[in-house]
Every structure is written in C-alpha cells, then in structure tokens.
Amino acid sequence: MDIEHKQAELIGHFVKQAETHRGSALANVIVEATSDSSLFAFSEILAAPNVSELQGTEYSVFLDMLRLFAHGTWSDYKSNAGCLPQLVPDQVRKLKQLSVLTLAETKKVLPYDQLMLEIDVLNVRELEDFLINECMYAGIVRGKLDQLRRCFEVQFAAGRDLRPGQLGSMIQTLTNWLATSDNLLLSIQEKIKWADMTSEVDKKHKKEIEDRVEEVKKSLSLKLHTVSRQTWSSKVMKRSSTLNLVE
C-alpha cells in the first residue's frame, strides 16, 4: 500500500474517532494519532468540531500538542515543553521526522550540522541511521547521503499540513510562477519566430549564392567554349597557311 493511500485511511479513521469522543477520551485519540508511525498529516483531525471545543478546557494542552504535530518541529516542542504534555518515544520520533520534512520544504541540500542540531543527534552515524531507517524507509523522503560533503540531498519530501496563512502565500507563489511561465513561453515563441525568420533569410541567401555560382559556371563554360573555338580556328588557319606555302 502506498503512503498516500495509507495516510488517507488513517486520517479517515482518526477523524471518525475525534467526532465521536470528548474530553479525556478525545485526548487519548490525539495521543494515539500523534504516535502512529504511519500518520504525518493532522489538519483534518484538527478541523473536527470536538477537537476545536477542547480550547479553554483542562484538555486544551492536547489541542496545542496536535497543532504542534500539524505545523511545528522538535525545536518548537523544546521551546514550549513546559506548556505541553510530555511526549512518549513514538511521538518524539514522529516530531523529529516532521522536523526533517519542514527543512526539506525549503531546501534540497540539508547540511548534516543543521540536521543534527534540529533533531538532537550527537554524530553523523546516528543522523544517517535516522534518515535511512526513520525517514527514507518510512517513505516520507527520498534522497542521497553525501558523507564527503556532509549533507543530505533531497530528491522527494512528503508535504506537511499547511500552516495558517500559508495557503495565501502558496497561491501568490503559484501566481508568480504562472506569470514567469507565461513570460518564458512568450520569449520562447519570439525566439522560434526569430529562428524561423533567420532560417528563411539563410535559405534566401543560400539560393542567391547557388544562383550566383550557376551564373559563374555558365559564364566560365561560355568563355571556355569561346576560347576553344578561337584556338581551333587559329590552328585551322595556320595549317591552311602552311599548305599554301608548300604549294
């Protein structure tokens, strides 16, 4: 089963759970969802009415935790650990995986030093094991480990949930990209038109040269023919003169 299909099934399952539980039972659903090794998207669970109703209750910290897994990183958790529930090991691993995805959103070459700092690993071996076993094998990223340059070259990264306000930014980015594409297409069309015109000019110039060459050939042929006739006539006249002298 591919990762997208698995994600869809898990999201559907946890959304149903969130819609039918409240209070402490809903908090347990959130812990279960954020601990699941195959789930990396949480916005649809966040959108469930029962989840929103946790705001202002004794379980609101679980709403904050779910928001963290939807949009935050391991560094964000460390900065706000005192205001959030303590994470279990599966949640720690998940949040570190999500942190790698966040970095991969904006960079295609991730330095080892930055990654080690972001996910709290002590050495390159530990980092590479995490990237291979917890990220690439999980299907959330693909890439190349470059030990010589001490970096991870990202070839693919699964997308995270959109942060508040990010949709407008994405629309603007796509709008700008579309405008750039239109300008590029116009430039390409102009270059094709120029190439076609240049080709026609080249063809015309080539035809003129070929015609000129043919004219020169004809002229040379005519001159050679004239010279040949003159030479032949001269020989005939000389022979005639010789015969007259003999007589």
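Here r is the Cβ-Cβ distance between Ser52 and Lys107 and R0 is 22 Å; the resulting FRET efficiency, rounded to 0.05, is 0.10. Rolling a 1.4 Å probe over the protein heavy atoms of the range 1-108, with every protein chain left in place, gives an accessible area that is 51 percent carbon and sulfur. Think of a 1.4 Å ball rolled over the protein heavy atoms: the chain then has 66 Å² of accessible area per residue. Bridgeable lysines around Lys6 (alpha carbons under 18 Å apart, same-chain partners fewer than 8 residues away excluded): Lys16, Lys94. Largest first, the residues Met65, Met136, Met197 sort by 1.4 Å accessible area into Met197, Met136, Met65. Start at zero, step by 10 Å, and the Cα-Cα distances of the chain spread as 6, 20, 20, 13, 7, 5, 5, 5, 5, 4, 4, 3, 2, 1, 0 percent across the bins. The chymotrypsin sites (Phe, Trp or Tyr not before Pro) found in the range 97-159 that occupy coil by DSSP, while having at most 15 further C-beta atoms within 10 Å, are Tyr137.
Residue by residue, the range 42-53 carries 3J(HN,Hα) couplings of 9, 5, 5, 5, 4, 7, 5, x, 4, 5, 4, 6 Hz when phi is fed to the Karplus relation 6.51 cos²θ - 1.76 cosθ + 1.60 (θ = phi - 60°); x denotes Gly or Pro.
For Leu131, Leu186, the ranking by accessible surface with the largest value first comes to Leu186, Leu131, using a 1.4 Å probe.
Within the accessible surface of the range 114-189, defined with a 1.4 Å probe on protein heavy atoms only, the carbon and sulfur portion equals 59 percent.
Ordered by 1.4 Å accessible area with all protein chains kept, Asp146, Asp120 run largest first as Asp120, Asp146.
The values are calculated or read from the model by the stated rules, or taken from the named source; none is laboratory data. What you see is a predicted model, and the numbers here were worked out from it, not measured in a lab. Every residue, glycine among them, receives a Cβ derived from its backbone with ideal geometry; neighbour counts consider all protein chains shown. Just so you know, the surface numbers come from the protein's heavy atoms only, side chains and all, with ligands and any DNA or RNA stripped out. Shrake-Rupley method; radii C 1.70, N 1.55, O 1.52, S 1.80 Å.
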